[in-house]
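J.: Questions regarding the structure given below will be posed in turn.
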Amino acid sequence: MALFTSLFVLILALWASDYSDAFVLPSHSRIQLTLSGTNDYFGDGDSDVSLQNPDEVEDMMTKKSQSRRSFMICASLLVPMSQLNTNQANAACLPGDIREDCIGVYKLPMDDAAKSYVETPEKLQKYAPDLKWVEPIQFPSSYQNAINQLKEQRHNFDVVQESVAKGDIKQGGLLLLDIVPKVTAAGRYIVKSFSSAANSERNKDFESEEAKTLDMKSYRIEYALNECLGYLGESDVLIGQALRGELGVSAPAQLAILDQFRDTRKEFDELLRVVPEKF
């Protein structure tokens, strides 16, 4: 019960914080909120976005991102406590926590609002003492490093699939815990690179065609990143359910996970396709 109290306090702190972090992402293409021993992935389905006015688009993306986080927080507070089984899994983990207990459970978001409460063991102890502290995920230092990191994690995802195909679902889940935050960090760095470049061009010329082109690229990459992360998250959830015996015996569970992996692999490849090799 203490763990739920800690998580509740941390969520309230995030609610009161400033959400203007440096890596704001637009809405996902769907809503999936599963906190009963699972992850949270969410969105509002707005993929038809007018990009005629880049400033309006940027403002809209920011407002939607803030609304999406507010929705997630409110929904998480409404989840019945009876749905969360503390004997089976932790209520939450930090991104980068590679333990079996973290497979398929809620992960705190990787943004500045959350980081300010969990970036050191002392701060985590103050706001959520029952969560295990791990080193914060480091963002890439350059665009090329971000591209390399995405490609490396795509290879690692193939290793996850191989592990599950061989029947080692637990190992696949542990590997996935390492993949998701690294994809998030690399993807957000790339998106930020294009957004910053667009803003720079717009400062020179408000009607800059180059700025509009960069905004379009940034939006396409954001959309592909959100889709990829959504499918990766669903994979994490499914593995967690399999390990807790919620998908029945091992053979059907294994097949269900591999089926999910096929869709996830397509989204991962699409992300790599829309991200330019050079910036």
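The values are calculated or read from the model by the stated rules, or taken from the named source; none is laboratory data. Just so we're clear, the structure is a prediction, and the values are computed from it rather than from any experiment. Neighbour counts are summed over all protein chains in view; Cβ atoms, including those assigned to glycine, are modelled from backbone coordinates with ideal geometry. To get the accessible areas, we keep the full protein, side chains included, count just its heavy atoms, and leave off ligands, DNA and RNA. Shrake-Rupley method; radii C 1.70, N 1.55, O 1.52, S 1.80 Å.
J.: State all residues of the stretch 98-108 that are in contact with a helix residue (DSSP H, G or I) (Cβ under 7 Å, 6 or more places away or on another chain) and within 16 Å of Lys170 (Cα to Cα); if no residue qualifies, say none.
T.: Correct list: Ile98, Glu100, Cys102, Ile103, Gly104, Val105.
J.: Only one of Gly172, Gly167 is touching a residue at least 12 places away in the same chain (Cβ under 8 Å), more than 17 Å from the chain's Cα centre (by Cα) and open to solvent by less than 30 Å² (accessible area, probe 1.4 Å); which?
T.: Gly172
J.: Could you please let me know if Ser163 is among the polar types (S, T, N, Q) and under 18 Å from Glu100 (Cα atoms)?
T.: yes
J.: Restricting the first residue to the stretch 88-102 and requiring it to be closer than 11 Å to Asp130 by Cβ and open to solvent by 30 Å² or more (accessible area, probe 1.4 Å), which pairs with a second residue that is at pLDDT 75 or above and in a loop (DSSP other than H, G, I, E, B) meet a Cβ separation below 9 Å and a spacing of at least six or different chains?
T.: Close Cβ pairs satisfying both conditions: Asn90/Asp97; Asn90/Arg99; Asn90/Val105; Asn90/Asp130; Asn90/Leu131; Asn90/Lys132.
J.: Of the residues that sit in the stretch 125-157 and are without any contact (Cβ under 8 Å) to a residue 24 or more places away in the chain and more than 22 Å from Ile221 (Cβ to Cβ), which one is most open to solvent (accessible area, probe 1.4 Å)?
T.: Ranking the candidates gives Lys126 first.
J.: Taking the residues in the stretch 222-272 that are under 19 Å from Ser163 (Cβ atoms) and of a type in the set (D, E, K, R) as candidates, determine which candidate is surrounded by the most Cβ atoms within 10 Å (Cβ to Cβ).
T.: Looking at residues that are under 19 Å from Ser163 (Cβ atoms) and of a type in the set (D, E, K, R), I get Asp236.
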